[in-house]
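Comments concern the structure below.
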Ligand code: 8IG
């Protein structure tokens with residue numbers, strides 16, 4: 001059960017959008033906002049913080065808007081921007097969007113993010129399918145004895161569909177850290193040893209909440225930088241947004257194709 005707060009948000013979205021249910025939800029992280037317009041023009045759009053229990057995002061590049069539109073014959077709920085654990089409000093606001101998506105009737109959520117790459121062959125601008133994650137936040141959105149299976153957290157069925165459509169897309173393991181600071185070079189060596197291919201500050205906690213509600217999850221990272229210590233250059237949030245802008249129309253077309261197929 002998504003819970004009372006998610007039910008209140010879903011009722012508000014249904015009433016104001018006129019769409020009684022939604023089929024698929026997409027969370028667009030930093031760098032992915034520009035891709036939203038490629039999905040088409042929304043039938044309904046509102047600042048996310050006008051929907052019950054959503055907090056205004058604090059990060060630059062996160063527009064904090066919610067859209068409802070039809071893409072490839074599916075009714076899609078699009079969250080432009082998300083709440084992060086490093087904002088210090090705990091996991092509840094971090095996972096409110098996926099719980100709201102479930103309450104709106106979605107069977108699937110596409111979680112996108114910008115990430116640092118631990119693989120030199122994945123240059124900025126590369127889209128990577130998330131095959132699995134490492135939740136290194138030390139936290140969980142689940143409270144009580146909810147022993148949810150996290151085998152196949154990232155839908156094998158949907159990943160196969162994406163690979164069939166985009167055979168060149170690489171797959172990798174995404175490590176979620178709390179942030180907001182980037183890693184030290186030593187931490188990146190640690191993450192590589194742990195089996196991470198990508199590092200970022202979102203997604204894993206949302207995936208956990210989504211799986212607990214029975215949603216299928218597809219995760220896609222946009223590589224915007226090589227992780228600390230790989231190039232020797234300092235990391236910069238502006239390059240994240242620039243990489244997204246440069247890739248926007250390509251990513252938007254890709255999402256449209258994926259929504260058609262899943
Ligand atoms: I974009 O290199 C992006 N987000 N932790 N490390 C972490 N988060 C990120 C990074 C990165 N790049």
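With 215, 255 as the choices, which residue is closer than 19 Å to residue 174 by Cβ and in contact with a strand residue (DSSP E or B) (Cβ under 6 Å, 6 or more places away or on another chain)?
Going through 215, 255 in turn, just one is closer than 19 Å to residue 174 by Cβ and in contact with a strand residue (DSSP E or B) (Cβ under 6 Å, 6 or more places away or on another chain): 215.
Determine whether region 132-142 contains at least one residue that is modelled with pLDDT under 95, surrounded by fewer than 20 Cβ atoms within 10 Å (Cβ to Cβ), on the phi > 0 side of the Ramachandran plot and over 16 Å from the mean Cα position of the chain (by Cα).
Scanning region 132-142, I find no residue that is modelled with pLDDT under 95, surrounded by fewer than 20 Cβ atoms within 10 Å (Cβ to Cβ), on the phi > 0 side of the Ramachandran plot and over 16 Å from the mean Cα position of the chain (by Cα), so the answer is no.
Return the pair list, or none, for Cβ contacts closer than 6 Å from residues in region 165-179 that are on the phi > 0 side of the Ramachandran plot to residues that are part of a helix (DSSP H, G or I) and within 16 Å of the ligand (Cβ to nearest atom), at least 6 apart or on different chains.
Note: pairs meeting the criteria are 179/86.
Taking region 82-91, which residues are more than 16 Å from the ligand (Cβ to nearest atom) and not in a helix (DSSP H, G or I)?
Listed by number, the residues that qualify are 88, 89, 90.
Do we find that residue 156 is out of contact with any helix residue (DSSP H, G or I) (no Cβ under 8 Å at 6 or more places or on another chain) and surrounded by fewer than 20 Cβ atoms within 10 Å (Cβ to Cβ) in this structure?
yes
Would you confirm whether or not region 83-98 contains a residue that is within 21 Å of residue 194 (Cα to Cα), touching a helix residue (DSSP H, G or I) at 6+ places or on another chain (Cβ under 7 Å) and either at pLDDT 95 or above or surrounded by fewer than 18 Cβ atoms within 10 Å (Cβ to Cβ) (or both)?
There is no residue in region 83-98 that is within 21 Å of residue 194 (Cα to Cα), touching a helix residue (DSSP H, G or I) at 6+ places or on another chain (Cβ under 7 Å) and either at pLDDT 95 or above or surrounded by fewer than 18 Cβ atoms within 10 Å (Cβ to Cβ) (or both).
Take the conditions buried (at least 19 other Cβ atoms within 10 Å of the Cβ) and not in a helix (DSSP H, G or I) and apply them to residue 247. Does it pass?
no
Which ranges mark the strands (runs of 3 or more DSSP E) fully within region 1-81 that have 1 or more residues being without any contact (Cβ under 8 Å) to a residue 40 or more places away in the chain and surrounded by fewer than 20 Cβ atoms within 10 Å (Cβ to Cβ)?
44-47, 65-71
Which one of the conditions (1) touching a strand residue (DSSP E or B) at 6+ places or on another chain (Cβ under 7 Å); (2) closer than 23 Å to residue 207 by Cβ does residue 6 fail to meet, given that it meets all the rest?
Tallying (1) touching a strand residue (DSSP E or B) at 6+ places or on another chain (Cβ under 7 Å); (2) closer than 23 Å to residue 207 by Cβ, residue 6 fails exactly one: (1).
Taking into account only those residues within region 176-189 that are under 16 Å from residue 120 (Cα atoms) and out of contact with any strand residue (DSSP E or B) (no Cβ under 9 Å at 6 or more places or on another chain), which is nearest to the ligand (Cβ to nearest atom)?
Residue satisfying both the conditions and the ranking: 185.
Which residue, of 94, 109, is within 25 Å of residue 75 (Cα to Cα), away from the ligand (no atom under 14 Å from the Cβ) and not in a helix (DSSP H, G or I)?
Step by step, each of 94, 109 is checked, and only 109 is within 25 Å of residue 75 (Cα to Cα), away from the ligand (no atom under 14 Å from the Cβ) and not in a helix (DSSP H, G or I).
Quick check on my filter: what residues within region 196-215 are more than 12 Å from the ligand (Cβ to nearest atom) and either part of a strand (DSSP E or B) or touching a helix residue (DSSP H, G or I) at 6+ places or on another chain (Cβ under 6 Å) (or both)?
205, 206, 209, 210, 213, 215 - these are the residues of region 196-215 that are more than 12 Å from the ligand (Cβ to nearest atom) and either part of a strand (DSSP E or B) or touching a helix residue (DSSP H, G or I) at 6+ places or on another chain (Cβ under 6 Å) (or both).
Check 241, 218 and return the single one that is under 15 Å from the mean Cα position of the chain (by Cα) and either more than 9 Å from the ligand (Cβ to nearest atom) or at pLDDT below 85 (or both).
218
Among the residues of region 126-157, which ones are out of contact with any strand residue (DSSP E or B) (no Cβ under 7 Å at 6 or more places or on another chain), in a loop (DSSP other than H, G, I, E, B) and either without any contact (Cβ under 8 Å) to a residue 24 or more places away in the chain or within 16 Å of the ligand (Cβ to nearest atom) (or both)?
Listed by number, the residues that qualify are 138, 139, 143, 144, 145, 147, 151, 152.
The values are calculated or read from the model by the stated rules, or taken from the named source; none is laboratory data. Because the structure is predicted, anything quoted here is derived from the model rather than measured. Neighbour counts run over all protein chains shown; Cβ positions are idealised from the backbone, glycine included.
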